[in-house]
Structures are given as C-alpha cells and as structure tokens.
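Read the structure below first, then the notes.
The values are calculated or read from the model by the stated rules, or taken from the named source; none is laboratory data. It should be emphasised that the depicted structure is a prediction, and the values quoted were computed from it without experimental measurement. Every residue, glycine among them, receives a Cβ derived from its backbone with ideal geometry; neighbour counts consider all protein chains shown. Remember, those area values only see protein heavy atoms, side chains included, never the ligands or the DNA or RNA. Shrake-Rupley method; radii C 1.70, N 1.55, O 1.52, S 1.80 Å.
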Amino acid sequence: MELRLDIPEREKFIKMKGKHHKKEFICNTDSVAGSVSQRACVYSGARVVLNPIEDAVHLVHGPIGCASYTWDIRGSLSSGSELFRNSFSSDLKESDVIFGGEEKLSKCIDEIYEKYKPKLIFVYSTCIAGVIGDDIKAVCKESSKKYNIYVVPVESSGFVGNKAAGYKAACNSLLDLIKEFPVLKKEPLSINYMGDFNLAGEAWIIKGYLNQMGLKVNTIFTGDSNFESLKKATASSLNIVQCAGSMTYLAKKFEETFDIPYMKVSFLGIEDTSNSLRKIAAFFNDKDVMLKTEKLIEEKTKMAKPIIEKYKRYLKGKKAAIFVGGGFKAISLIKQFRELGIDVVVIGTQNGQKDEYEKIEEIADYGTVILDDANPSELEKFMVEKGADILAGGVKERFLSYKMGIAFIDHNHDRKHPLSGYEGAINFAEEVYTTACSPVWKYVKDGVNKCV
Amino acid sequence: MYETYKSVNENPCNMCMPLGGIIAFRGIEKSMVLLHGSQGCATYMRRHIAEHYHEPIDVASSSLNEKGTVYGGEKNLIKALDNVIRVYNPNCIGILTTCLAETIGEDIDRIKSEYKTSRNISIPIITAPTPGYGGTHSEGFVKTSYRIVEELSTDKERHDRINVIVPNISTADLREIKRLLELMKIPYILFPDYSDTLDSPFNFPYKKIPDGGTKISDIMSMGGSIATIEIGINYEETPGKYLQDRFDVPLYKVPIPIGLRNTDAFLKLLKEITGNPIPKSIEMERGRLIDGMIDSHKYNFVGRCTIFGDPEMVYSVFTTCMENGIHPLLIATGSKTQKLKELIASEDNPLNDDITIVDETDFSHILKLSEEKEVNIAIGPSDGKYLTEKGGIPLVRIGFPILDRVGGQRILSVGYTGTLNFLDMITNTLLENKYKTYRKDMYEKYYKAM
Ligand code: SF4
Ligand code: SF4
C-alpha cells in the first residue's frame with residue numbers, strides 16, 4: 001500500500017508500522033493550512049481541563065462565537081453546583097475590538113459577582129482578546145482585590161499553539177490558584193486523581209475503587225471538583241494521572257512545588273484498570289491496601305469478564321480505526337479493542353506526543369497506519385484501504401463514519417455512558433456490539449439505495 | 001419594551017457570522033468553504049453544523065498561527081487554497097473571514113485575485129467578510145448569500161424562470177418549497193439550495209462533496225429572471241435587493257411561509273407573478289390545515305409562549321401562534337434587529353397586550369422573562385432546553401441548531417402541510433403538559449382547597 005496523499009506536505013505526518021521504520025514522522029506541530037484538520041484551539045483545550053470545576057464561573061473573553069460553541073457541550077457530571085454549565089461571554093463587538101475590551105471585561109465580572117457571588121472565576125483569553133492586547137491579567141487582579149475572590153486568568157489565546165497548549169495554560173492557572181492556598185500537611189493514604197473530567201460519572205467510578213482500596217481521594221482534577229476540594233490537593237501523598245495529555249504537566253509541577261510524586265495510570269479496559277490499581281497499591285506498600293485491591297480486582301473481573309466474553313463472540317475478527325484527541329487514549333483503546341478480539345488497523349490522534357506515538361508503534365500490529373492530525377479525506381482513504389468496520393472518534397468523525405457505512409464508537413466529551421473501569425469496559429463492549437452488529441448495516445453493504 | 005443593559009452574555013442565543021456563511025455556501029453545487037482565521041473557529045462551527053445536520057461537514061481553515069497573526073496570513077491562505085483544490089477539486093470556493101482575519105486587517109480580495117491570476121484558476125472564488133463580532137449566524141447567512149449573488153450573477157439575458165431566495169430554513173422546508181413550485185408548474189431558481197448537500201441520501205461510494213446545490217450557471221442567470229421572491233423580511237441588504245438594483249429584477253419579499261396567512265401570501269404571489277393557477281391538491285392541503293386548526297383550537301388557547309431564534313423564523317412562528325390562539329408573550333432573538341420589533345408591533349394583536357420583544361439577548365434573560373410571564377411553552381432551537389431544565393418550560397424544537405435530537409434538519413414547517421405538522425407538534429406538547437399534571441391539579445384545586 002502506498003502512502004501517497006493529495007497534500008504531499010501531509011506525508012510527514014503518516015507512517016505504517018513495519019514498513020516505514022526509519023521514515024520521518026512529525027507530530028505536535030501546526031496544522032497544514034487548508035488540510036481540514038479536526039483539531040480545535042488552545043482555548044478549547046483549556047476549557048476541557050477547567051470546565052468541570054463546578055462552582056466556578058467560566059467567563060470567555062472574546063466575541064460571542066467562542067462561547068456559543070462551547071456552551072454545555074461536555075458531559076461532566078456534578079454532585080454539587082451546576083454553575084459551570086453556563087456559558088459566560090464578554091461578547092466583544094466591533095467597537096470593543098477597536099477600542100479594547102478591558103473595561104467591558106471588568107464590567108462583566110462586576111455583573112457576575114453581583115448575581116452569583118462566586119468564589120472563583122476563570123477568565124479565558126481567546127484569539128481576539130490576545131490580538132487586541134487586552135491586559136486580562138491586570139483586570140483579573142483588580143477584580144480579585146475588589147471582591148476578595150479568586151479571578152484567575154487563563155492564557156488560552158487560540159492561535160498560539162493547539163489544544164495541548166491549552167491544557168498547559170489551564171494547568172498553569174490551576175497551579176497559580178493552588179499556590180495561593182495554605183500548603184497542607186501530607187496525609188499518608190491519600191491521593192489526587194488527575195485527568196478525569198467525570199464524563200458520565202467516570203471519576204465517580206474510579207473514586208469508588210480507590211475508596212474501596214482504603215485510599216482517600218482529596219481532589220479530582222477536575223471532574224466533580226469545586227473550590228473547596230481544590231484547596232485539599234496539597235495534602236495528598238500521590239498524584240495519579242489518567243488523561244496524560246492534559247495533566248502530566250500539572251503532576252510534574254506538583255512534584256516540583258509540593259513534593260508529591262505522580263504516576264501515569266489508565267482505567268480504560270479490564271487489563272489497564274487492574275494493572276493501574278495494582279500499581280497504585282504497590283506505591284503505598286501497605287498490606288491492607290494491597291489485600292483490598294486484590295479483592296476488588298478479583299470481584300470486578302469476575303463480574304465483567306463473562307459479559308465481555310459474550311460480546312467478543314460476535315466481534316472477533318472485526319477491524320477498527322481510532323481517531324481521538326490524545327495519544328494515551330489511543331493506546332488504551334488499542335488494548336480495549338484487543339480485549340474484544342478486534343484488530344486496530346488505523347490509529348490517529350489530534351494532538352499525540354512523540355513518546356506516545358512511539359508507544360503506539362510499538363504495540364500496533366504490522367501494517368497499521370499511524371497518523372497525526374488526520375483530516376477527513378485521509379481517514380476516509382485509510383479506512384477504506386484497510387477495510388475498517390468500526391471507527392472510534394469524536395462528534396465530527398461520527399458522521400463521516402456513518403456516511404461511509406462504518407460503525408462508530410463515540411469517544412468524545414459528550415458521551416452519555418462511562419467508559420472507565422470495569423463498568424466502563426462493559427459499556428464499551430456493549431457499545432461496540434450495539435453499533436457493529438446492528439441490522440442496519442445489512443442494508444447498506446450491498447446494493448445501496450436501489451429499490452429493486 | 002424591555003432593554004438589556006448589561007455587558008456579560010450569559011448563555012448565548014446566537015452563533016457567529018461565519019457559521020451562517022458556511023451554510024449559505026453549502027447551497028452552491030460542488031463548493032467548498034475555507035475560513036480565514038484560526039483553526040479553532042472552523043472546528044467549532046463544523047461540530048455545530050455537523051450535529052444539527054448529521055452530516056460530515058468539511059470546512060477548511062487557513063489555520064493562522066502566531067506568525068501569521070503578526071506578519072499577515074497571506075501565505076497561509078494561499079497554501080490553504082492550494083490544498084483545498086488538491087483534495088476536493090471543487091467548482092467554487094468560498095472564503096469567509098473570522099474575527100481574527102478581520103482584526104489583523106487581511107485584504108482577502110487582493111490575495112484572492114492575485115492568487116487566481118498567478119495560479120491561472122478559473123473557478124469562482126468568492127469572498128465574504130464575516131467577522132464573528134460583526135453579527136450573528138443569521139446575518140452571516142444573508143451577507144454571504146448577497147456576496148455570492150453579487151459575484152456570480154452576471155448574465156442578464158432574460159428567461160422565464162423566477163428566483164426564489166431562501167433564508168436559513170430546514171432541508172425539508174426547502175424540498176417543500178420546491179414541491180409547491182413544481183405543483184404550480186413554475187420554472188424556478190432556488191438559492192441557496194442546500195436541501196441535498198446538507199441532508200444527503202446514503203450512497204456508496206462516499207463523496208467528499210455531496211451532490212446537489214444550486215448550479216453555478218443558474219446563479220449566474222439570476223439577473224435575467226422574471227422576478228425574485230425573497231423569503232425573509234428582516235434584512236434590507238439582501239441578494240434580491242442586489243438583483244433588483246443591478247438588473248431590474250422585480251423583488252417581492254414574503255415572510256417564511258409558515259402559517260396560513262404567510263403561506264397564502266406566498267402562493268398568491270406565485271400566482272400573480274406567473275399567472276399559473278393554484279392546483280386543487282394544494283387547496284386540499286389548505287383545507288386540511290384549517291380543519292386541523294379547528295380541531296386543536298381549544299387546546300392551543302391555553303398556550304402562553306416564548307418564541308426565540310433567528311429573526312425570520314421568529315416572525316413566522318409568531319404569526320402562526322397568533323392565528324391559532326397560542327398567546328405569544330415573549331419574542332426573543334440574539335440578533336440586533338429594529339425591524340423585527342416594528343413588524344411585531346405593527347401586528348393587530350387581539351390576544352394580549354403584554355408582549356415583550358427583546359433583541360441581542362441571551363438565555364438568562366429569556367428564562368427570567370419567561371418565568372415572570374408564566375410562559376408554558378417555548379418554541380425555538382434546541383438551546384432552549386435550558387428553559388426546560390431550569391424553568392420547567394417544555395420546548396418545541398424548530399430552527400437552527402437542533403443538537404440534541406435526530407431529525408432536526410428535516411423538521412417540516414412551511415406550506416399548509418408543513419404548518420399543520422408544526423402545529424401538531426405544538427398542540428401535542430401542550431396536551432402532554434396538561435395531562436402530565438391534570439389529575440393532580442384538579443385534586444389540588446377542587447378537592448383539597450374546597
Ligand atoms: S466569534 Fe469570531 S473568533 Fe469566535 S468563533 Fe466566531 S469567528 Fe471565531
Ligand atoms: S477565536 Fe480562537 S479561541 Fe475562539 S474559537 Fe476561534 S480559535 Fe478558539
């Protein structure tokens with residue numbers, strides 16, 4: 001198979017396991033203009049990370065669109081405040097763009113304080129706020145003082161990088177905030193869980209496991225978190241990082257600043273979940289914790305395995321393509337598909353990092369196509385050539401997949417069922433079965449759109 | 001009249017200009033759109049449009065980075081054009097600007113003409129300035145339609161067709177308008193016709209640019225048509241106006257034909273312009289609508305509604321509610337529009353006099369006012385689910401976008417048949433509302449309280 005593409009410049013972003021071992025492969029750089037990248041922007045990355053902080057106001061400083069398109073589009077669940085589900089915008093108009101938007105921003109904060117009295121406001125910078133040179137930091141500082149609350153600027157101007165830069169900007173804002181709180185005394189068996197946004201309750205599932213293992217979860221970054229819970233983060237003895245792309249940076253900073261070590265974990269699929277739980281227990285080196293962990297793993301595996309085996313019978317031998325946001329997630333998905341007897345033939349990410357792509361290549365089957373920042377036409381080409389039956393991706397990929405007559409797994413932030421842990425592994429298998437074995441495909445595969 | 005004296009927008013009731021532009025460009029056969037600006041805007045708009053239409057939406061971006069922002073984005077734009085042509089081989093390219101390109105002052109017209117000459121490109125490349133801060137998606141749609149016609153309609157040779165220019169309505173509505181035209185045996189040019197491109201039948205093999213759309217040659221000859229019927233009455237600078245000024249094509253403007261009166265007006269106009277009779281079958285549809293209106297009138301009369309969304313859609317839904325005794329109490333739009341206020345104020349309104357009209361508004365206001373006015377039904381796009389969640393007000397979905405249901409792109413509401421379909425949705429929502437609590441309500445009211 002050839003890797004010739006319509007856009008020659010894009011060839012550097014693609015390789016095939018086995019065939020192109022020495023080939024140049026680049027990632028984590030600007031998208032090629034006009035290539036119809038599926039990527040979002042810095043602001044979007046920052047919003048992903050901070051959005052689940054529930055009792056905070058999330059104020060987007062920019063023209064209306066940036067806020068419109070991101071109003072309540074993520075399925076993070078809250079056990080408390082629902083304030084985060086509103087979309088606040090400074091709604092910059094033409095005159096603000098000409099004369100500057102600082103004054104309007106400051107008024108917006110006044111109005112928000114007046115109405116909600118929040119303890120915490122995040123102010124996101126957008127491309128336009130960046131270009132017109134508004135001093136958001138100064139406005140935030142002043143408002144913080146005025147109301148004696150935390151008004152935290154997020155440097156997420158959209159054009160200064162991609163989503164990954166936004167993760168970093170958000171982590172910096174979090175860090176700045178936490179540095180203002182008193183540093184607490186370490187509690188021995190306690191943990192922060194980083195990189196879970198509690199989509200459809202995923203963080204709740206994992207928190208439940210950790211509690212059953214005898215560990216206390218101080219702070220989740222940032223699923224179902226709030227102003228008070230963020231204050232407790234410095235008391236933890238360990239940070240575990242699930243969504244590595246977004247939160248490894250914060251974990252590293254925590255290690256530097258508060259001397260809290262971290263480890264990367266994954267709770268996607270039975271195998272990853274069990275391994276991760278064991279790794280965590282081993283860290284604490286506490287007999288009771290280890291015993292409880294083994295008991296939990298045994299019980300849960302016993303519950304989940306037979307159900308997954310049942311689905312596997314129908315799914316074995318099918319081929320999947322993956323196109324998700326981060327590299328770590330792609331790696332977990334490869335393993336999850338394998339648990340179902342499905343081979344992955346195309347793997348792409350929007351914002352994967354070099355080390356993640358190395359890992360992907362290491363575990364992928366020979367002949368698997370690996371692509372960074374793929375566009376719809378490349379996804380289409382390789383899914384056809386590789387004969388994919390299923391695609392796992394985000395909202396935009398869903399409709400491409402359907403139009404091509406290919407089953408689809410929603411791996412986006414809007415999903416309505418959790419995919420983490422053992423419960424999530426079952427949901428995943430069920431979803432793959434639901435989409436891959438639906439009777440509708442019978443009508444599309446042969447003789448399309450002909451009455452007789 | 002209620003004014004909004006505030007700076008912060010809490011839960012926007014509109015999207016931004018380029019989004020409307022993308023939809024308008026989708027109405028041209030084999031066209032492709034390119035947003036000049038940062039990558040994120042394109043991705044967000046694609047996601048929004050894709051979720052409404054349940055279709056893949058390929059929109060390119062010049063992906064301006066920091067450098068492009070400081071030193072100008074010309075290089076990016078040129079490269080983007082090259083790549084769009086390589087991959088999609090379109091017959092027409094639309095370039096829309098975003099806030100970023102406008103703020104840094106990109107001269108897209110110059111870049112475009114130099115590009116066309118240097119690359120020897122013959123397909124039309126149409127630019128439309130659509131900074132998000134300059135207006136909502138509704139204005140973006142109109143403005144882009146205007147630019148397309150201004151750029152392409154060059155042929156003034158007379159022919160016997162009429163122009164039908166549409167606002168952002170559903171794909172089913174577009175097909176219904178075409179059906180009515182065909183039933184009346186009227187040759188037409190419908191523009192922009194995204195009924196197939198944004199609601200394409202399943203077919204193998206997959207096509208990067210779906211079939212359908214108004215033919216470029218048809219848009220070219222819009223200057224030679226007998227007349228233009230422009231659906232939509234809120235905007236002045238419209239493609240129909242251009243055709244009238246430039247080619248003396250007589251312009252007739254009508255509201256979206258939702259409701260009895262608006263549909264009558266539309267058909268009457270068609271009849272007057274062409275002299276073709278309205279066939280019996282359409283009259284039967286009209287009779288069926290009236291029959292349905294009578295069947296439902298008592299249920300409808302309890303309706304106290306909030307209507308929100310695009311100005312054009314809002315106006316026609318408003319008149320339809322008035323016809324049926326559904327009390328409109330709050331009319332709201334995210335667009336800035338004096339015209340809508342005037343139109344609504346000029347209506348003879350026997351139903352109530354406490355009607356409030358707000359423009360440039362957001363959902364936090366709409367909710368507050370709806371609660372004050374004890375509204376019991378809301379009509380508009382799916383973001384109104386907020387009113388349901390926070391205020392317990394049931395929502396009848398219509399317009400753009402509908403992101404949380406299937407079939408939002410093909411909700412039929414124009415013509416007599418469409419109106420009846422839409423009216424049934426409203427009535428059934430009111431009925432469901434009533435039956436949900438009926439027994440309990442009566443018990444509380446007449447048993448417990450007596
Ligand atoms: S408002 Fe402007 S910057 Fe925001 S999404 Fe729309 S075009 Fe982009
Ligand atoms: S203007 Fe910038 S921040 Fe806003 S959506 Fe576009 S790319 Fe993102």
**Amide H contacts under 5 Å for A:V60, placed H, 5+ residues apart** = A:F88, A:S89, A:S90, A:Y124
**Prompt:** Can you give me the Cα centroid spacing of segment B:28-68 and segment B:250-312 in angstrom?
**Reply:** 36 Å
**Request:** Give a quick list of chymotrypsin sites (Phe, Trp or Tyr not before Pro) in segment B:98-149 that DSSP marks as loop, anything other than H, G, I, E or B, with at most 10 other Cβ atoms within 10 Å.
**Result:** none
**Message:** So for segment B:162-274, averaging the separation of alpha carbon pairs under 8 Å that are six or more residues apart and normalising by length, what relative contact order in percent results?
**Reply:** 26 percent
**Message:** Can you classify segment B:280-439 as rounded, prolate or oblate using the Cα gyration tensor, where a ≥ b ≥ c are the square roots of its eigenvalues, rounded means a/c under 1.5, and otherwise it's prolate if a/b beats b/c and oblate if not?
**Reply:** rounded
**Item:** Loop-resident sites, segment A:102-172, for trypsin sites (Lys or Arg not before Pro), counting at most 16 other Cβ within 10 Å (DSSP)
**Value:** A:K119
**Asked** Based solely on its DSSP helices, what 222 nm [θ] is calculated for chain B when runs of n ≥ 4 H residues each add -39,500 (n - 2.57) and the sum is averaged over all residues, nearest 500 deg cm²/dmol?
**Response** -14500 deg cm²/dmol
**Prompt:** Picking from B:E285, B:E55, B:E372, which is most flexible by a Gaussian network model of chain B using Cα springs under 10 Å?
**Reply:** B:E372
**Request:** Considering only lysines 8 or more places apart in sequence, or on different chains, count the pairs in segment B:162-274 whose C-alpha atoms sit under 17 Å apart.
**Result:** 8
**Prompt:** For chain B, what relative contact order do you get, as a whole percent, if you take Cα pairs closer than 8 Å and at least 6 residues apart?
**Reply:** 18 percent
**Apportionment of accessible area to carbon and sulfur, the protein assembly as shown, percent (1.4 Å)** = 51 percent
**Asked** Ignoring ligands, DNA and RNA, what accessible area per residue does the protein assembly as shown give at 1.4 Å, in Å²?
**Response** 38 Å²
**Request:** If a/c stays under 1.5 just call it rounded; otherwise compare a/b with b/c (prolate if a/b is bigger, oblate if not). Do that for segment A:316-415, with a ≥ b ≥ c from the square roots of the Cα gyration tensor eigenvalues.
**Result:** rounded
**Request:** Assuming R0 = 41 Å, can you tell me the calculated FRET efficiency for the pair B:E432 and A:E111, based on Cβ-Cβ distance, to the nearest 0.05?
**Result:** 0.65
**Request:** Between the alpha-carbon centers of segment A:32-60 and segment A:230-287, tell me the distance in whole angstrom.
**Result:** 24 Å
**Global form of chain A, assessed from the alpha-carbon gyration tensor, a/c cut-off 1.5** = oblate
**Message:** Give the average, rounded to an integer, of partner chain Cβ atoms located within 10 angstrom of each Cβ in B:54-67.
**Reply:** 6
**Request:** Please average, across the residues of A:372-379, the number of beta carbons from any other chain that are within 10 Å of each residue's own beta carbon, and give a whole number.
**Result:** 2
**Prompt:** For the protein assembly as shown, what log10 I(q)/I(0) values come out of the Debye formula at q = 0.05 1/Å, with one point per alpha carbon and no solvent?
**Reply:** -0.29
**Item:** Shielding of B:76-88 by partner chains, average beta-carbon count, 10 Å
**Value:** 5
**Fill in**
Check: in segment B:17-152 the Lys pairs 8 or more apart or on separate chains whose Cα atoms fall under 16 Å apart number 6
**Complete:** Longest principal axis of chain B (C-alpha) makes with the long axis of helix B:39-53 (C-alpha) an angle, in degrees to the nearest 10, of 50 degrees
**Message:** Residues of segment B:6-42 that become at least 20 Å² less accessible with every protein chain present than in their own chain isolated, using 1.4 Å: which are they?
**Reply:** B:S7, B:V8, B:N9, B:E10, B:N11, B:P12, B:N14, B:M15, B:C16, B:S38, B:Q39, B:G40
**Request:** For the protein assembly as shown, give the share of DSSP beta bridges that are antiparallel, in percent and rounded to the nearest 5; count only bridges with both residues there.
**Result:** 10 percent
**Value in Å of the Kirkwood radius, where segment B:162-274 supplies the Cα pairs that are averaged** = 14.8 Å
**Prompt:** Among B:S200, B:S145, B:S346, which one shows the biggest mean-square fluctuation in a GNM of chain B, springs joining Cα atoms closer than 10 Å?
**Reply:** B:S346
**Prompt:** Given A:K15/A:K329; A:K305/A:K335; A:K119/A:K329; A:K141/A:K168, which pairs have Cα atoms separated by over 26 Å?
**Reply:** A:K119/A:K329
**Request:** Can you pull out the buried accessible area for chains A and B, both sides counted, probe 1.4 Å, rounded to the nearest 100 Å²?
**Result:** 5700 Å²
**Item:** Extension reserve of the B:D264-B:E444 stretch, reckoned as 0.36 nm per residue once the Cα distance is removed
**Value:** 60.3 nm
**B:I28 long-range amide H proximity, modeled H, under 5 Å** = B:T214
**Asked** If you take every DSSP beta bridge whose two residues both sit in chain B, what share of them, in percent to the nearest 5, is antiparallel?
**Response** 5 percent
**Item:** Gaussian network model of chain B, springs between alpha carbon atoms under 10 Å - residue of B:I111, B:I377, B:I23 with greatest fluctuation
**Value:** B:I111
**Complete:** For segment A:154-261, listing GluC sites (Glu not before Pro) in a DSSP loop whose Cβ sees at most 16 other Cβ atoms within 10 Å gives A:E180
**Prompt:** Between segment B:204-218 and segment B:109-176, what is the C-alpha centre distance in whole Å?
**Reply:** 16 Å
**Message:** Between B:K298 and B:E236, what is the label-point separation in nm under the 7 Å Cα-to-beta-carbon projection?
**Reply:** 4.9 nm
